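Working notes, beginning with the structure itself.
The values are calculated or read from the model by the stated rules, or taken from the named source; none is laboratory data. On a predicted model such as this, the values are computed, not experimentally measured, just so you know. So basically every Cβ, Gly included, is an ideal-geometry build from the backbone, and we count neighbours across all protein chains shown.
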Amino acid sequence: MTPFSPGTSASLCRGVMEGLLTRCGALAACSHQLSGSVPRGFHHCALGRGKRLVLSRMFQPQNLREDQVPSLEGRSGDLTCKSQRLMLQVGLIHPASPGCYHLLPYAVRAMEKLVRVIDQEMQAIGGQKVNMPSLSPAELWRATNRWDLMGKELLRLRDRHGKEYCLGPTHEEAITALVASQKTLSYKQLPFLLYQVTRKFRDEPRPRFGLLRGREFYMKDMYTFDSSPEAAQQTYSLVCDAYGSLFARLGLPCVKVQAAVGSIGGTMSHEFQLPVDVGEDRFAVCPSCSFSANVETLDFSQTNCPSCRGPLTETRGIEVGHTFYLGTKYSSVFNAQFTNVHGKPSLAEMGCYGLGVTRILAAAIEVLSTEDGLRWPNLLAPYQVCLIPPKKGSKEAAAAELMGQLYDNITEAVLPLRGEVLLDDRTHLTIGNRLKDANKFGYPFVIIAGKRALEDPAHFEVWCQNTGEVVFLTKEGVMELLSQVHVV
Ligand SMILES: [Zn+2]
């Protein structure tokens with residue numbers, strides 16, 4: 001399709017469309033308007049003036065039938081957990097190959113929001129964003145001996161010249177070599193907190209649980225460089241606190257637990273675990289003091305708290321974040337140095353800090369959702385508001401125009417909600433059917449024009465998903481409620 005053909009209607013609406021497309025990436029909703037000579041949006045959607053986001057134009061999300069859920073993990077297998085089932089059912093993800101999923105528009109919107117929250121938290125503590133290649137040369141990994149140590153988890157390949165690479169599961173080697181290449185670093189410039197949000201790869205023997213354990217996934221990985229162990233320790237605490245703040249903003253009850261250092265190495269490590277039954281990790285918490293640890297770090301028979309001797313409680317969790325104090329393990333291999341306060345070269349003290357981005361998304365859905373409906377952290381909901389106008393030909397049909405006006409009022413007056421309001425224009429369906437779908441998608445606010453929309457003044461039925469409240473509000477009431485919504 002040519003996005004901007006020289007047709008008259010295209011040039012008429014180009015300004016509006018460009019603005020909208022930039023703001024919300026809503027190609028699925030609006031692009032049909034741009035190509036033809038007739039402004040088809042006007043009659044496609046009697047409710048819309050074309051610039052409204054309408055559900056009927058969204059790619060796939062109305063596919064809600066359980067029996068249509070595509071087969072999983074490349075095998076004929078059962079759905080392995082709630083988040084995977086719901087995400088497939090509503091069209092957030094679609095299986096591509098074992099452990100690999102297409103992220104569909106709703107999922108991408110939620111993930112982009114999550115990345116924005118992560119950016120805010122990382123940049124608040126001085127993080128600087130970089131972006132390193134996924135294709136990682138073998139010699140980097142041979143330098144730390146991890147080319148062998150990582151074994152079959154590393155996805156390896158050769159280019160046409162026979163040169164070996166892996167698809168990076170993590171980037172300690174790459175970032176340390178990058179920093180080592182800067183030959184004039186001074187202690188005055190440190191600390192550096194460098195991070196990226198990129199695709200990572202791991203050759204999982206048994207990918208499962210949808211986005212919770214895939215072979216290709218998004219991670220935020222941060223690497224920090226400090227001038228002394230004391231400074232590095234402070235940076236470590238700072239990043240852990242930022243993780244705490246992130247999970248608090250998402251409303252996720254994460255627990256920070258002591259962890260094993262594994263193949264990353266270093267001398268200290270913590271995991272951020274989200275307690276949930278399908279979790280593959282087991283961690284122990286002491287109800288009497290603040291002790292908590294992954295059971296891998298405990299002795300086989302240890303059932304009592306090492307600090308207060310009280311009994312430990314064991315919980316299953318999903319690991320959504322992991323932090324490591326690395327010391328000079330990597331900086332010594334690649335000679336990542338800076339000039340210290342005495343003018344002498346000195347090795348950087350490092351830390352590394354991961355967050356499973358796609359995993360946080362799936363884990364949040366796993367923890368917050370009901371059996372029948374997605375529930376999101378408020379900040380991550382792909383769309384904040386869904387408007388349901390009356391069924392065509394019903395007694396309330398006259399209220400359809402009011403709903404259109406409400407849409408325009410919201411998006412004109414509440415700036416953060418531009419691109420966040422969706423109109424369920426499938427008016428051949430009853431309000432009840434569309435409400436059921438909306439509940440399944442978990443829009444934080446669902447607004448219905450039912451019988452009371454014909455009163456004077458009109459009252460809209462407002463479902464507040466996260467409080468479970470249903471209230472009737474006038475247009476002014478709706479506007480006031482929505483003006484308090486936080487959008488990231
Ligand atoms: Zn204790």
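Before moving on, here are some points about what is shown:
- Considering region 424-447, the residues that are buried (at least 18 other Cβ atoms within 10 Å of the Cβ) and farther than 22 Å from Asp372 by Cα include one that is farthest from the chain's Cα centre (by Cα), namely Thr427.
- Flag if Cys352 is modelled with pLDDT under 95 and either within 16 Å of the ligand (Cβ to nearest atom) or of a type outside the set (Phe, Trp, Tyr) (or both): no
- A search for C-beta distances below 9 Å between a residue of region 290-306 that is over 16 Å from Met268 (Cβ atoms) and any residue that is more than 11 Å from the ligand (Cβ to nearest atom) and among the β-branched types (Val, Ile, Thr), counting only pairs 6+ apart in sequence or on different chains, returns Gln302/Val295.
- Residue within region 428-443 that is assigned to a loop (DSSP other than H, G, I, E, B), in contact with a strand residue (DSSP E or B) (Cβ under 7 Å, 6 or more places away or on another chain) and farther than 18 Å from Lys391 by Cα present: yes
- Filter result for Leu374 (touching a helix residue (DSSP H, G or I) at 6+ places or on another chain (Cβ under 7 Å), of a type in the set (A, V, I, L, M) and not in a strand (DSSP E or B)): yes
- Within region 292-304, the set of residues being part of a loop (DSSP other than H, G, I, E, B) and either modelled with pLDDT of 90 or more or more than 13 Å from the ligand (Cβ to nearest atom) (or both) comprises Asp299, Phe300, Ser301.
- Checking each residue in region 217-261 for being among the small types (Gly, Ala, Ser), in contact with a helix residue (DSSP H, G or I) (Cβ under 8 Å, 6 or more places away or on another chain) and on the phi < 0 side of the Ramachandran plot picks out Ser227, Ala242, Ser245, Ala259, Ala260.
- Unmet requirement for Lys256, which otherwise passes all of (1) among the basic types (Lys, Arg); (2) within 25 Å of Leu185 (Cβ to Cβ); (3) in contact with a Cys (Cβ under 7 Å, 6 or more places away or on another chain): (2)
- The combined condition, being among the aliphatic types (A, V, I, L, M) and under 19 Å from Pro377 (Cβ atoms), is not fulfilled by Leu167.
- Residue check, Val333 over 30 Å from Leu140 (Cβ atoms), more than 16 Å from the ligand (Cβ to nearest atom) and touching a helix residue (DSSP H, G or I) at 6+ places or on another chain (Cβ under 8 Å): no
- Sole residue being without any contact (Cβ under 8 Å) to a residue 60 or more places away in the chain, in the same structural domain as Glu173 (by TED's automatic domain parsing), among the basic types (Lys, Arg) and within 29 Å of Gln182 (Cα to Cα), chosen from Lys329, Lys344, Lys256: Lys344
- Scanning region 222-241 turns up no residue that is within 16 Å of the ligand (Cβ to nearest atom), touching a Ser or Thr at 6+ places or on another chain (Cβ under 7 Å) and not aliphatic (A, V, I, L, M).
- With respect to the conditions (1) touching a strand residue (DSSP E or B) at 6+ places or on another chain (Cβ under 8 Å); (2) surrounded by 19 or more Cβ atoms within 10 Å (Cβ to Cβ), Pro377 lacks only one, and its number is (1).
- Considering residues of region 305-330 that are of a type in the set (Ser, Thr, Tyr) and within 16 Å of the ligand (Cβ to nearest atom) only, the residue nearest to Val276 (Cα to Cα): Thr315
- Filtering region 247-263 to residues that are in a loop (DSSP other than H, G, I, E, B) and surrounded by fewer than 18 Cβ atoms within 10 Å (Cβ to Cβ) leaves Gly251, Pro253, Ala260, Val261, Gly262, Ser263.
- Taking first residues from region 414-443 that are touching a residue at least 40 places away in the same chain (Cβ under 8 Å) and in the same structural domain as Gly477 (by TED's automatic domain parsing) and partners that are part of a helix (DSSP H, G or I) and of a type in the set (Ser, Thr, Tyr), the Cβ contacts under 7 Å between residues at least 6 apart in sequence or on separate chains come to Leu417/Thr411; Arg418/Thr411; Val421/Tyr407; Val421/Thr411; Leu423/Tyr407; Asp425/Ser56; Arg426/Ser56.
- Residue ID - farthest from Gly265 (Cα to Cα), chosen from residues in region 329-356 that are of a type in the set (A, V, I, L, M) and surrounded by fewer than 22 Cβ atoms within 10 Å (Cβ to Cβ): Val341
- Considering only residues in region 284-326 that are within 30 Å of Thr144 (Cβ to Cβ) and touching a Gly at 6+ places or on another chain (Cβ under 6 Å), the one that is surrounded by the most Cβ atoms within 10 Å (Cβ to Cβ) turns out to be Ile318.
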